[in-house]
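In what follows, a structure is listed as structure tokens, so that the remarks can point back to it.
Read-outs throughout are calculated quantities, based only on the coordinates presented, and are distinct from any laboratory measurement. All values derive from a computational prediction rather than experimental measurement. Virtual Cβ from ideal backbone geometry, glycine too; neighbours counted across all protein chains shown.
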């Protein structure tokens, strides 16, 4: 890595100063070799080790689940009984018989509502709490207690409150995701340097200008780490939420598969949920990295 | 009527039941176009005094008046150049100045006029070349220049400088002092500058306000500096007026009001 990054600017600087053919000779040879080397190294460092470990784990699982007394399916059982779910995520055979890709998308839509709402309410609430020492003292202990309540525990209450399964499911996702967003935003706002507040005071920025021009950019790294935890939690809540709503979500699929004893389908669905959660986490992390780039300088 | 009048100002900070008096009976008047530097040992309340004028802190008793109007809240008519530049790191140099200009002149000037005004102020501190850079990409001296440009761009009635060059190396500091003298000569603006550097105080100021040690610090002495402008640091180095002023400040700071460190 070091050698590669060191070469690049040197070549760029040298180009105008030296004769042109030196550069022209060097680039076509160096570039493909460099790219190939990079790809190889990336595969060697990041792809190969988890693949090898995965293989080993699958073998152990196969051996452990092969006995007659075993209640759990082995990897080969999963393949034999549920290969269609693995191979084609987007089939449609009927309103209830669709591929897991569609189910994940339905669940993602639900998470988008719940998490989007949690993000807006959480950032605004967190900003208010970070600004006011009295709000902080009053609300922080309550939030610290509420954030430990598991998603399933909110189900009966939200059902009682909304009397309908669809908004209740979104509420469960919302209430699960909101706490880390509030708590992190408040911490970020409290950490805004006094200097920035003085600048805002001298310029007489009003509350809205202060929020958008100082508070959000200054607290962006904190806000995004809160959002990242929040998106993970809201995806965790999806199974609980969809036990209520039924329909076609991935969470409901697991509940349904359990009721009809299709254990292998559940295992495939777990992998889908895990991979989707991983992608969501990276997506928010990547977005935060881009937006917060300026603030850390 | 004087331009800025600080009249019998006391300032105490309450911590729990105990109140610590920081400033005691400060009386000072500053005329339009004057450059006053305030010098004193650290912890004597220089910065507190500046924050009072800026409106960032409130007086306990007494009154501060700018052009006859009482100062009790911060505002762009008293722009501050902060010690650690306080530029917003997520905005470019241009946008940092633009934030101030849009806020102060957003209603009265067109976009083109504002752009010209931003570039004019960046040019005043010789920073037009870095307009599109972020504060993290330029040196400490350059950041402080941009801080000055941002403050000047608000067209303040009085410019408040809080140890603006304290964190810079001696050579960079000299460059910036020249820049400030140059700006003062051109714009004839009113300035209050906090410093702990004797040479800086003598070089830049029309009057040097010397403060006694805290707690309950007050103005010990005011020394007029009468040397003609423009002042040149090399020519001044051997001039009797300069040396006398310098000696007077040194005597005040190190003989009569030597800082007695608390026994630790």
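Each residue, residue A:40 and residue A:95, gets one label point 7 Å from its Cα in the Cβ direction; the gap between the two is 5.7 nm. Each of B:44, B:35 was scored by other Cβ atoms within 10 Å of its Cβ. Arranged with the fewest first, they read B:35, B:44. Relative to the dominant Cα principal axis of chain B, helix B:93-105 is inclined by about 80°. Convex hull of alpha carbon positions in segment B:1-52: directionally averaged projected area 4.3 nm². Ordered by the number of other Cβ atoms lying within 10 Å of each residue's own Cβ, fewest first, B:41, B:85, B:175 fall into the sequence B:175, B:41, B:85. Debye-formula intensities of chain B, expressed as log10 I(q)/I(0) at q = 0.16 Å⁻¹, are -1.27 (one equal scatterer per alpha-carbon, no solvent).
Grab the eigenvalues of the alpha-carbon gyration tensor for segment A:175-297, scale each by 5, take roots, and send me the semi-axes largest first in whole angstrom. Before the final figure, lay out the partial values.
Working: eigenvalues 341, 39, 17 Å².
Over the Cα atoms of segment A:175-297, the ellipsoid semi-axes are 41, 14, 9 Å.
For chain B, the mean residue ellipticity at 222 nm estimated from helices alone is -10500 deg cm²/dmol, where every DSSP H run of n ≥ 4 contributes -39500 (n - 2.57) and the total is divided by all residues, rounded to the nearest 500.
For segment B:1-103, the normalised intensity computed at q = 0.15, 0.16 Å⁻¹ comes to -0.74, -0.82 (log10 of I(q)/I(0), Debye sum over alpha carbons, equal scatterers, no solvent).
The three principal axes of the Cα atoms in segment B:44-117 give end-to-end lengths of 44, 29, 14 Å, sorted in falling order. When Rg and the Kirkwood radius Rh are both evaluated on Cα atoms of the protein assembly as shown, their ratio Rg/Rh stands at 1.12. Hull volume per residue, based on the alpha-carbon atoms of segment B:85-155 and their convex hull, is 73 Å³. Residue exposure proxy: A:170, A:182, ordered by other Cβ atoms within 10 angstrom of their Cβ from fewest to most, comes out as A:170, A:182. Principal axis extents of the Cα atoms in segment B:172-264, from largest to smallest and rounded to whole angstrom, are 46, 27, 25.
Debye sum, Cα scatterers, chain A, no solvent: what log₁₀ I/I(0) at q = 0.12 1/Å? Computed log10 I(q)/I(0) values: -0.97. Taking chain B as a Gaussian network, Cα atoms linked when under 10 Å apart, which of B:248, B:14, B:130 shows the biggest mean-square fluctuation? Looking only at B:248, B:14, B:130, the largest GNM fluctuation is found for B:14.
Normalising by residue count, segment A:64-185 has a Cα convex hull of 178 Å³ per residue. Taken residue by residue and averaged, Cβ atoms of other chains lying within 10 Å of the Cβ of B:89-101 number 3. With contributions of -39500 (n - 2.57) from each DSSP H run of at least four residues, the per-residue ellipticity at 222 nm computed over chain A stands at -26500 deg cm²/dmol.
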